[in-house]
Amino acid sequence: MNLVWTIAKRELGGYFTSPVAYVFLVIFLLLAGFFTFTAGAFFERGEAGLTAFFAWHPWLYLVLVPAVGMRLWSEERRSGTIELLLTMPVTTAQAIAGKYLASWLFLALALALTFPVVITVNVLGNPDNGTLLAGYLGSLMLAGAYLAVSCMTSAMTRNQVVAFILSVVLCLFLILAGFNPVTDLLVRWASPAFVDTVAAFSVITHFDGFQKGVIDSRDLLFFLSVIGFALFATGAIIRGHRAG
Amino acid sequence: MIRIDNLVKTFGAKRAVDGVSFSVERGEVLGFLGPNGAGKSTTMRMITGFYPPSSGKVTVGGHDVAESPLQAKRLIGYLPENAASYPEMTVRGFLEFCAQMRGLDAAARGKALARVVERCFLESVLEQSIDTLSKGYKHRTCLAQALIHDPEVLVLDEPTDGLDPNQKHEVRNLIRELGKTKAVVFSTHILEEVDAACSRAIIIDRGRIVANGTPGELRAMSDVAGAVTLHAQGASEAKLAALGRVEKLNGSFRVYPADKSASAELTRAIVALADREGWKLDALRTEEGHLDEVFRRITLPDTALPDSVKRSG
């Protein structure tokens, strides 16, 4: 566990000694604000809630989370530091956990910095803060799931751009599987059971509950299993490269 | 300390390492020689547990690298090829990180850091970020990383690559010094390093060991080993030919004895001959042989080795 934390600390330090962290934070906050207040029509809704804020997160994260995750392993492979890291007395699982944890904490920090929006709704009305908290938890799980997918694609290639594109495509699938226009299309020719199965893979379906303030164990389990599966696949991919 | 048994690594159809066996004990410095792509780095990556072998076995300090990798890795300090390190970190930060990964506590880290910084001459760049360093400093930073936990086994992949002649000299001295108490394996394609630092050398070509011995033994495999070269006024090729095969070099002669080990007798015979004929001897020297000649001969099998040893393709 100590080693996981040592790796995570180094990784987090790496974000903040380069401009990556600051550029990301600024862009994330700007876009989150723009979508909430302008595109999401926050004020016109007259609701004391953050639906206008959270509803955009699956789309916002679609572009921004792969940008954080793409370098996790591809950079280590390109520069050769993966050899240094994995010949130290750590298991591959510890190394993956450490690096993943660092980038998840970083996304959690970005999300935490959206706190003014919580203050805003509390000043303007009387929102249910429990619901807001559930929304934040859901958003964090959503970011974690995308990030795990990015971590996996990042392990596939030395090229960060390739990792980014692969990751966006996979995450887009995770959204579209439950996106209304797509499910409507599927309903026309597929059985309802099939449509439900496909939709069950969607982050939208599982993120909805959190936005409404419902923390359903099935939704949590869904996100945790996406994370678990993607990180397990990351380990298999990294071991696969070395096995030749 | 390091024991390698019939190690094989295949990448697809290519056999990068093909049945390599050797062992290195404490107090030994093993030089690993070979042309580019011979399988040096691949072998080292298997010793350090980065690549799992396709077949065969590596044990380090009695621990099987495949079965108990963590115990084995704890004993090893590794300098990877190209000396990769995290460019955005400072030298101090990077070495601190490596020390933590090696499980050193705060007090031990301070001491270890001071020790490797002194050994690798990093004092002046300690607070600089690694991407601002010259190649030599980057290299030594990574070398410092390999030494931070004072490991019993050192695996160094081209430790002098990219250094200037003074730095090369320093690193060779350091390797020789470390070799007194540790088991050291280092790869190189610079042949002088074998003499400068190794107690034993292995030459590897196309994944196979083609020679294994002390630098002296390897040199003795050279064609010129045991020959006597002389420069004398009045010397004649015809007279020398009675003693052995004679090669005429630029103003001097080289005489090859029929038996390589008979060079002392040959020297005495030449002195006696010069005395009898009244030649004025200016220089007389017994050839030890040249490593580069041996290296070229045994790593170019298609031109030098008999057909039975040649490999197809």
_Near pairs, Cβ below 6 angstrom, 6+ apart or cross-chain, from region A:1-13 (under 11 Å from residue A:95 (Cβ atoms)) to any residue that is in a loop (DSSP other than H, G, I, E, B)_ = A:3/A:90
_Just checking: which of the helices (runs of 4 or more DSSP H) contained wholly in region A:1-83 hold 1 or more residues that are of a type in the set (A, V, I, L, M)?_
A:2-17, A:20-34, A:51-54, A:57-69, A:71-79
*Could you tell me which residue of region B:46-68 is nearest to residue B:188 (Cα to Cα), considering only residues that are in contact with a Ser or Thr (Cβ under 8 Å, 6 or more places away or on another chain) and facing chain A (nearest Cβ under 9 Å)?*
B:48
*Read through the list (1) over 12 Å from the mean Cα position of the chain (by Cα); (2) in contact (Cβ under 8 Å) with a residue 24 or more places away in the chain, then give the number of the only condition that residue A:108 fails.*
(1)
_Just to be sure I understand the filter: pairs with C-beta atoms under 7 Å, separated by 6 or more residues or on different chains, first member in region A:21-35 and within 19 Å of residue A:70 (Cβ to Cβ), second member outside any helix (DSSP H, G or I). Which pairs pass?_
A:25/A:113
_Residue in region B:82-89 that is polar (S, T, N, Q), in a helix (DSSP H, G or I), closer than 21 Å to residue A:79 by Cα and at the interface with chain A (Cβ under 7 Å from one of its Cβ atoms) present_ = yes
_Return the residues of region B:55-71 that are part of a strand (DSSP E or B) and among the acidic types (Asp, Glu); say none if nothing qualifies._
B:64
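Could you say which residue among B:258, B:262 is surrounded by 11 or more Cβ atoms within 10 Å (Cβ to Cβ), at pLDDT below 80 and either more than 22 Å from residue B:225 (Cβ to Cβ) or among the small types (Gly, Ala, Ser) (or both)? First the steps, then the outcome.
Working: B:258 fails: surrounded by 11 or more Cβ atoms within 10 Å (Cβ to Cβ).
Of B:258, B:262, the one residue that is surrounded by 11 or more Cβ atoms within 10 Å (Cβ to Cβ), at pLDDT below 80 and either more than 22 Å from residue B:225 (Cβ to Cβ) or among the small types (Gly, Ala, Ser) (or both) is B:262.
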*Matching option when the condition is acidic (Asp, Glu), surrounded by fewer than 23 Cβ atoms within 10 Å (Cβ to Cβ) and closer than 25 Å to residue B:58 by Cα, among B:157, B:223, B:150*: B:150
*What do you reckon, is residue A:32 more than 14 Å from chain B (Cβ to nearest Cβ) and in contact with a Leu (Cβ under 9 Å, 6 or more places away or on another chain)?*
yes
*Subset of region A:3-16 that is facing chain B (nearest Cβ under 8 Å) and over 12 Å from residue A:103 (Cα atoms) - its residue that is surrounded by the fewest Cβ atoms within 10 Å (Cβ to Cβ)*: A:3
*Looking only at region B:34-54, count how many residues are within 25 Å of residue B:295 (Cβ to Cβ), of a type in the set (S, T, N, Q) and either more than 15 Å from the chain's Cα centre (by Cα) or outside any helix (DSSP H, G or I) (or both).*
2
*Evaluate region A:81-101: report whether one residue or more is among the acidic types (Asp, Glu) and within 22 Å of the chain's Cα centre (by Cα).*
no
*Out of A:197, A:183, A:205, A:157, which single residue is on the phi < 0 side of the Ramachandran plot and touching a residue at least 60 places away in the same chain (Cβ under 8 Å)?*
A:157
*For residues that are over 18 Å from the mean Cα position of the chain (by Cα) and charged (D, E, K, R), scanning just region B:7-33, find the one that is surrounded by the fewest Cβ atoms within 10 Å (Cβ to Cβ).*
B:14
*What about residue B:140, is it surrounded by fewer than 23 Cβ atoms within 10 Å (Cβ to Cβ), in contact with a helix residue (DSSP H, G or I) (Cβ under 9 Å, 6 or more places away or on another chain), basic (Lys, Arg) and more than 9 Å from every other protein chain (Cβ to nearest Cβ)?*
no
*asked:* Can you report the number of residues in region B:173-203 which are in contact with a Lys or Arg (Cβ under 6 Å, 6 or more places away or on another chain) and modelled with pLDDT of 90 or more?
replied: 2
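For every residue, the table says whether it meets (1) under 30 Å from residue B:8 (Cα atoms); (2) within 14 Å of chain B (Cβ to nearest Cβ); (3) of a type in the set (D, E, K, R).
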site	(1), (2), (3)
A:144	no, no, no
A:155	yes, no, no
A:165	no, no, no
A:192	no, no, no
A:215	no, no, no
A:221	no, no, no
A:228	no, no, no
A:232	yes, no, no
A:236	yes, yes, no
*Mind listing whichever residues of region B:227-264 are assigned to a helix (DSSP H, G or I) and not acidic (Asp, Glu)?*
B:238, B:239, B:240, B:260, B:261, B:262, B:263, B:264
*Name the residue, out of B:96, B:127, B:193, that is of a type in the set (Asp, Glu) and farther than 20 Å from residue A:11 by Cα.*
B:193
*asked:* Can you tell me which of (1) under 15 Å from residue A:238 (Cβ atoms); (2) more than 13 Å from every other protein chain (Cβ to nearest Cβ) is the one residue A:68 doesn't meet?
replied: (1)
*Do we find that residue B:49 is of a type in the set (Gly, Ala, Ser), buried (at least 16 other Cβ atoms within 10 Å of the Cβ) and more than 25 Å from residue A:81 (Cα to Cα) in this structure?*
no
*asked:* Checking the conditions here, which among A:60, A:101, A:111, A:107 is modelled with pLDDT of 90 or more, of a type in the set (A, V, I, L, M, F, W, C) and more than 23 Å from residue A:209 (Cα to Cα)?
replied: A:101
*Test set (1) closer than 24 Å to residue B:152 by Cα; (2) crowded, with 16+ Cβ neighbours inside 10 Å - residue B:54 fails condition number*: (1)
*What are the residues in region B:90-111 that are under 27 Å from the mean Cα position of the chain (by Cα) and away from chain A (no Cβ under 11 Å), if any?*
B:95
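The values are calculated or read from the model by the stated rules, or taken from the named source; none is laboratory data. Just so it is clear, the structure is predicted and the values come from calculations on it, not from any experiment. Ideal geometry is used to build each Cβ from the backbone, glycine not excepted, and the neighbour counts take in all protein chains shown.
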